[in-house]
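My questions will all concern the structure given below.
The values are calculated or read from the model by the stated rules, or taken from the named source; none is laboratory data. Only a predicted model underlies this, so the values are computations on that prediction, with no experimental measurement involved. Note that we place each Cβ from the backbone using ideal geometry, even for glycine, and neighbour counts take in every protein chain shown. In case anyone asks, the SASA skips ligands and DNA or RNA and just uses the protein heavy atoms, side chains included. Shrake-Rupley method; radii C 1.70, N 1.55, O 1.52, S 1.80 Å.
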Amino acid sequence: MLVRLLYASRAVDTRAETIESILAQSRQFNPTSGITGILCYGGGIFLQAIEGGRNAVSELYGHIQKDPRHKDVVLLHYEEISERRFGGWTMGQVDASRVNTNILLKYSERAELDPYNVSGKVSLALLEELMATASIIGRA
């Protein structure tokens with residue numbers, strides 16, 4: 001049973017080293033759990049989609065909720081899926097500050113990453129557009 005989970009959180013520490021640490025940890029441990037996904041970050045906010053088996057995704061989300069690098073963790077969207085959309089990445093990344101502002105503005109009131117003020121489906125649509133426009137890096 002494959003599932004997709006989308007959540008938002010605020011970074012406790014916004015230094016580049018912290019974000020790289022999260023990505024490195026994901027890329028190290030996700031393959032053994034069958035987890036794939038992407039992490040979009042900007043303005044101190046994380047928007048992450050994780051896909052994999054129901055138990056593995058649930059366990060990972062539980063760890064994220066307790067991770068001291070995250071605060072204000074909010075579940076935005078969860079669904080059973082027949083196939084992965086972000087299967088090409090153990091953890092792809094998007095720096096929202098480098099994204100064309102028109103893409104962000106298409107899905108939000110302002111040209112900034114703000115998953116707390118849009119629906120989970122809108123946030124998922126944003127991630128899909130970022131994938132379609134080749135904004136995701138870190139294929140592994």
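Given the conditions (1) touching a strand residue (DSSP E or B) at 6+ places or on another chain (Cβ under 8 Å); (2) surrounded by fewer than 16 Cβ atoms within 10 Å (Cβ to Cβ); (3) farther than 23 Å from Tyr116 by Cα, report the number of the one that Lys71 does not fulfil.
(3)
So, in segment 1-18, exactly how many residues are open to solvent by 10 Å² or more (accessible area, probe 1.4 Å), in contact (Cβ under 8 Å) with a residue 40 or more places away in the chain and not charged (D, E, K, R)?
Qualifying residue count for the region: 5.
Mind checking which residues of segment 61-74 are within 18 Å of Ser26 (Cβ to Cβ), at pLDDT 95 or above and touching a helix residue (DSSP H, G or I) at 6+ places or on another chain (Cβ under 9 Å)?
Result: Val73, single match.
Could you list, in sequence order, the residues of segment 43-55 that are surrounded by fewer than 19 Cβ atoms within 10 Å (Cβ to Cβ) and either of a type in the set (A, V, I, L, M) or in a strand (DSSP E or B) (or both)?
The answer is Gly53, and nothing else.
So which pairs qualify, if the first residue must be in segment 21-42 and without any contact (Cβ under 8 Å) to a residue 40 or more places away in the chain, the second must be assigned to a strand (DSSP E or B) and buried (at least 16 other Cβ atoms within 10 Å of the Cβ), the Cβ gap must be under 6 Å, and the two must be at least 6 apart or on different chains?
So the pair list comes out as Gly34/Gly52.
Would you mind finding the one in Ser82, Ser119, Ser97, Ser58 that is of a type in the set (Gly, Ala, Ser), modelled with pLDDT under 85, open to solvent by 30 Å² or more (accessible area, probe 1.4 Å) and over 13 Å from the mean Cα position of the chain (by Cα)?
Ser97
Of the conditions (1) open to solvent by 80 Å² or more (accessible area, probe 1.4 Å); (2) over 19 Å from Ile22 (Cβ atoms); (3) not in a strand (DSSP E or B), Glu129 fails just one. Which one is it?
Going through (1) open to solvent by 80 Å² or more (accessible area, probe 1.4 Å); (2) over 19 Å from Ile22 (Cβ atoms); (3) not in a strand (DSSP E or B) one by one, Glu129 breaks only (1).
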